[in-house]
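Below is one structure, written out as structure tokens, with a few remarks after it.
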Amino acid sequence: MRAFYHPDQALHDPQQYMRFGKVVAPKDLPERTERLLGALKKHGIAPERPAAHGLDPVLAIHDAGFVTFLETAWARWQDLPAERGPEVWPSTFPYWSGRPDEDVRPPCRPTGFIGQLGWYLGDLSVPVGEHCWHSTLRSSETAVSGADAILGGERAVYSLCRPSGHHARADRATGFCYLNNTAIAAQRLRSKFGKVAILDVDAHHGDGTQQIFYRRDDVLTISVHADPSNYYPFFTGYADERGNGPGEGFNLNLPLAHGAGGAEMQAAVDRADKAIREFGAEAVVIALGYDAHKDDPIGVLKLEASDFGTIGRQVKAFGLPTLVVQEGGYAIDAIGDCLDAFLGGFK
């Protein structure tokens, strides 16, 4: 298996995160990449540095105004009064009744920076620091390079993406995610493959990925995650969300009860396998998160590291060109073992 990673992705070093009404230490630590690189090394995989792809692949998925905001946010933050915080962080969130029959919200009306903060940053888990945009762009390029390797004939590729991406919507960052690497990669694969499937395996619903493809019938989106009725992202991820308009029937959510373990995950991935085959997918993107591990500090599922080996075997059995895009996982001492097991199962 080939792999891609850019060391500049580790420059992103968030300083604050709101949890239970308290500003706490962030969970998306740069150290995460070190553990995942260690797992790759154990399997004799030396990650390649991704090519510089620029903004074209990003703009194929994301709203241009949103991308410009992310690119310029840190510089604009410096123009605020001296009492500003250490990172770009919103203080207001506008009400918007999102409509599933609309691909994107209307343009952001405020031209002022503070107004735009609450429009483009969807919660208090996406602070923008000095290196955030640089790392985010490199993360997206890592996904694109992985997709290009699949387009070039590789059967299996791993893209070590950080920051993660599956919560990022077409025009909003949220949940530690700024650009949706999984969606960008899937769109790239569509240049060759008529039908692409995305299987998101993570403690959290891939709400951004769902939103981006919700009205399309060429990309099947499947998410296996913890029941969102009392868990982030709360407002999406339910089994009755099946797509809209031309996309109706091409979105599948498989929520798991809190406390579910490997057996429940295995059954859900088997259901996903059936849906992928019925769809007639020609390639698959696996959005892989390790926050389903029992020791994850913000997780509610109970998978063992070995259960990711089972997932690896199941994904291998799809028999499709497969791009694995790294998503969450915040138990620093466990994530390397999770990737190790996945790679071992996928062989």
- Query: Can you give the translational diffusion coefficient of the range 2-59 in µm²/s, computed by Stokes-Einstein from the Kirkwood radius over Cα pairs at 25 °C and 0.890 mPa s?
  - Reply: 177
- Among residues other than I212 whose Cβ falls under 9 Å from its Cβ, what is the net charge (Lys/Arg +1, Asp/Glu -1)? +1
- Between the range 1-46 and the range 205-275, what is the C-alpha centre distance in whole Å? 25
- Item | Dipole magnitude of the chain, debye to nearest 20 (Cβ charges: Lys/Arg +1, Asp/Glu -1, about Cα centre) | 420
- Message: With 10 angstrom as the radius, rank S135, S223 by how many other C-beta atoms surround their C-beta, starting from the fewest.
- Response: S135, S223
- Item | Which of V284, V23, V104 has the fewest Cβ neighbours within 10 Å, and the rest in rising order | V23, V104, V284
- Net charge near A239: determine it from the other residues with C-beta under 14 Å of the C-beta of A239, scoring Lys and Arg +1 and Asp and Glu -1. -1
- Item | the chain - mean residue ellipticity at 222 nm from DSSP helices (-39,500 (n - 2.57) per run, n ≥ 4, rounded to 500) | -10500 deg cm²/dmol
- Environment charge of A51, counting only residues whose C-beta is closer than 10 Å and scoring Lys/Arg +1, Asp/Glu -1: -2
- Item | Integer Hz, Karplus 6.51/-1.76/1.60 couplings in order for the range 308-318, x for Gly and Pro | 6, x, 4, 4, x, 5, 5, 5, 4, 5, 4
- Using a ≥ b ≥ c from the Cα gyration tensor of the range 98-210 (square roots of the eigenvalues), is it rounded, prolate or oblate, where a/c under 1.5 gives rounded and otherwise the larger of a/b and b/c decides, a/b for prolate? prolate
- Query: Once the mean 1/r over all distinct Cα pairs of the chain is inverted, what Kirkwood radius in angstroms do you read off?
  - Reply: 19.8
- Whole-Hz Karplus couplings 3J(HN,Hα) for the range 159-170, θ = phi - 60° and coefficients 6.51, -1.76, 1.60, Gly and Pro as x, run 10, 7, 9, 8, x, 5, x, 6, 8, 6, 8, 4
- Query: If each residue's Cβ is checked for other Cβ atoms within 10 Å, how do R138, R105, R84 rank with the fewest at the top?
  - Reply: R84, R105, R138
- What are the lysines whose alpha-carbon lies under 26 Å from the alpha-carbon of K274, with same-chain residues fewer than 8 places away excluded? K192, K195, K302, K316, K347
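All of the numbers you see were taken from the coordinates with simple rules; none came from a lab. Values in this document were obtained by computation on a predicted structure and should not be read as measured data. We place every Cβ from the backbone using ideal geometry, glycine too, and count neighbours over all the protein chains shown.
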